[in-house]
Amino acid sequence: MALIWIVCAAGWGVVLAGLRRGLRGPDRGPALFAHTATPAGIVLMSALLGYGSLYATIALAAQWWSLSVVTGFRPARLVAGGGLGRLAAWLLLTAAVTYVTGRLVLGR
């Protein structure tokens, strides 16, 4: 379980570095704030709903690493020209990685 948290934290850091490096102008501040607040928001949401945070952590790790792979470690590309194709690829890859990782970790 600790490995999932480490992979999730590493993915969060990779996306943060990509956002800091790639975004400029008025969009940078809100994007960095939203990304920074995401882990705390997920933990609070899991506690509020009474649902385990392990499921959310698996999904977050899959999202961050899938985003990094699909955008070539430059998250700003998601909203650049041709963003719909990248968005679809990100969603499909996230779903596949979440499913496979969930089956491996949870044994279901």
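Would you mind getting me the FRET efficiency between LEU78 and ILE4? Use the beta-carbon distance for r and R0 = 25 Å, nearest 0.05. Mind showing how you got there, number by number?
Details: r = 24 Å, r/R0 = 0.96.
For LEU78 and ILE4, the calculated efficiency is 0.55.
Taking the protein heavy atoms of the chain in the context of the full set of protein chains, the accessible area attributed to carbon and sulfur is 73 percent at 1.4 Å. Taking all Cα pairs closer than 8 Å and separated by 6 or more residues, the relative contact order of the chain comes to 33 percent. Taking Cβ atoms as reference points and 12 Å as the exclusive limit, the residues near VAL70 contribute a net charge of +3, counting Lys and Arg as +1 and Asp and Glu as -1.
Before I look further, what does the chain give for accessible area per residue, probe 1.4 Å, in whole square angstrom?
On the way: 6640 Å² over 108 residues.
Ligands and nucleic acids excluded, the figure is 62 Å² per residue.
Converting phi to 3J(HN,Hα) with the Karplus coefficients 6.51, -1.76 and 1.60 and the offset θ = phi - 60°, the range 62-75 yields 4, 5, 5, 6, 5, 4, 5, 5, 5, 9, x, 6, 10, x Hz in sequence order, with x at every glycine or proline. Converting phi to 3J(HN,Hα) with the Karplus coefficients 6.51, -1.76 and 1.60 and the offset θ = phi - 60°, the range 89-100 yields 5, 4, 5, 5, 5, 4, 4, 5, 5, 4, 4, 5 Hz in sequence order, with x at every glycine or proline. Rounded to the nearest angstrom and listed largest first, the equivalent-ellipsoid semi-axes of the chain from its Cα gyration tensor are 24, 17, 12.
The values are calculated or read from the model by the stated rules, or taken from the named source; none is laboratory data. Since the structure is predicted, the reported quantities are computational estimates derived from the model, not experimental observations. As a convention, Cβ positions derive from the backbone with ideal geometry for all residues, glycine included, and neighbour counts pool all protein chains shown. What goes into the accessible areas is simple: the full protein's heavy atoms, side chains included, and nothing from ligands, DNA or RNA. Shrake-Rupley method; radii C 1.70, N 1.55, O 1.52, S 1.80 Å.
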